[in-house]
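Reviewing the structure listed below.
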Amino acid sequence: MSSDNMLAVWKTKQAAGLELKDAPIPKIKDDEVLIKVKATSICGTDRHIYLWDAWAQKRIGKNVPYIFGHEVAGEIAEIGTHAQGKGLEIGDHVSAETHISCGYCFQCKTGNEHICENVKILGVDTNGTFAEYLTLPYRNAWKNDKSLPHWVATAQEPLGNAVHTVFDGEIAGKTVSVFGMGPIGICAVALCKEAGAEKIIAVDPNDFRLKFAKDFGADVLVKARDTNVNVQKEILEETDGMGVDVFLEISGSASAITDGIATLRAGGRASILGVFSNPFLLDMNKVVFGNIRLTGINGRRMFDTWYKAASFLRSGKVKLEKLVTHRLKLSEIERGFEILERGEGMKVVLEP
């Protein structure tokens, strides 16, 4: 690799897999910063892209070849002309808010940049973080405390997703079901515990992940897709037949939606973050006649969620470092995906 090139992970074909090959070190625009990547981690969205499932085929489509990945921590190596004097300096430790908003549409002007009408997602619509360097609009660079290790800071984005999902409504004193014990789900369990939830029911098919849920504060563990377990029966028994007050869907599973809505009490709250590979049927009569508040959660509120997530990290109430089960070289990324596919890891961090 020459001094002008870097190692990167490419999606080169509209098919499952990836390719490791060199790329030019990107040049910044006037309103961008160049980030030297110190750590990047694998997310569920990256898994969709790696496997090239129905969601990726529709969402990514012909946007190949390109570099994917979006969770990152690194150091600012260069600052564009228009980005200077905006609170960032060379050497600052940063992570990335991955929703790149336009700043001028109706949503942006009404405090909803995270659902910008013209949004571009880092590592989905643009070249991403599975590389040694990336460019980012300076507004999307979130400054980290330098005491926070890069391999921990890279997981802040999923923590932010959990913060947005959990605090979409009241939690204190509530019974909560959380479906999907990936890193976001585990963070959601920890946040519910710290926010004073009365009972937290964690649902997942994987024993390894359910153990994490227990360690992070889940009161009840339900193993989904176990032939000996009826998820709806278990949850209703744990709530004296009434159902939970709050249902958090973080798995991207159609069966989780069915079970979660079926076990949500009348007047309850359902917050849906999971990304689904295919469309599915939903009994809306349960939602309508149950007076259920059903909300889709998209990423993080910019930038309110980041401040809240940083507060939880500083307080030590969410121990993000415990979620990192593997630290690999960037060149070992396929091994990282294999670990996650086998259900043997939680958060896999890649270090260039």
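Checking segment 276-284 against the condition returns no match, with no residue being within 20 Å of the chain's Cα centre (by Cα), on the phi < 0 side of the Ramachandran plot, acidic (Asp, Glu) and surrounded by fewer than 21 Cβ atoms within 10 Å (Cβ to Cβ). For segment 128-138, the condition holds for at least one residue, the condition being that it is over 18 Å from Glu351 (Cα atoms), assigned by TED's automatic domain parsing to the domain that holds Ile49, more than 17 Å from the chain's Cα centre (by Cα) and hydrophobic (A, V, I, L, M, F, W, C). Restricting attention to segment 255-274, the residues that are surrounded by fewer than 19 Cβ atoms within 10 Å (Cβ to Cβ) and touching a helix residue (DSSP H, G or I) at 6+ places or on another chain (Cβ under 6 Å) total 1.
Condition check for Gly274 on (1) assigned by TED's automatic domain parsing to the domain that holds Asp168; (2) without any contact (Cβ under 8 Å) to a residue 40 or more places away in the chain: one failure, at (2). Residue count for segment 224-239, restricted to those that are in a loop (DSSP other than H, G, I, E, B) and touching a helix residue (DSSP H, G or I) at 6+ places or on another chain (Cβ under 8 Å): 2.
Restricting the search to helices (runs of 4 or more DSSP H) fully inside segment 1-118 and requiring at least 1 residues that are buried (at least 16 other Cβ atoms within 10 Å of the Cβ) and touching a Phe, Trp or Tyr at 6+ places or on another chain (Cβ under 8 Å) gives 44-51, 54-59.
When Gly173, Gly169 are checked against the criterion of being under 30 Å from Pro205 (Cβ atoms), touching a residue at least 40 places away in the same chain (Cβ under 8 Å) and among the small types (Gly, Ala, Ser), Gly169 stands alone in meeting it.
The values are calculated or read from the model by the stated rules, or taken from the named source; none is laboratory data. Just so it is clear, the structure is predicted and the values come from calculations on it, not from any experiment. Backbone-built Cβ (ideal geometry, glycine too); neighbour counts: all protein chains shown.
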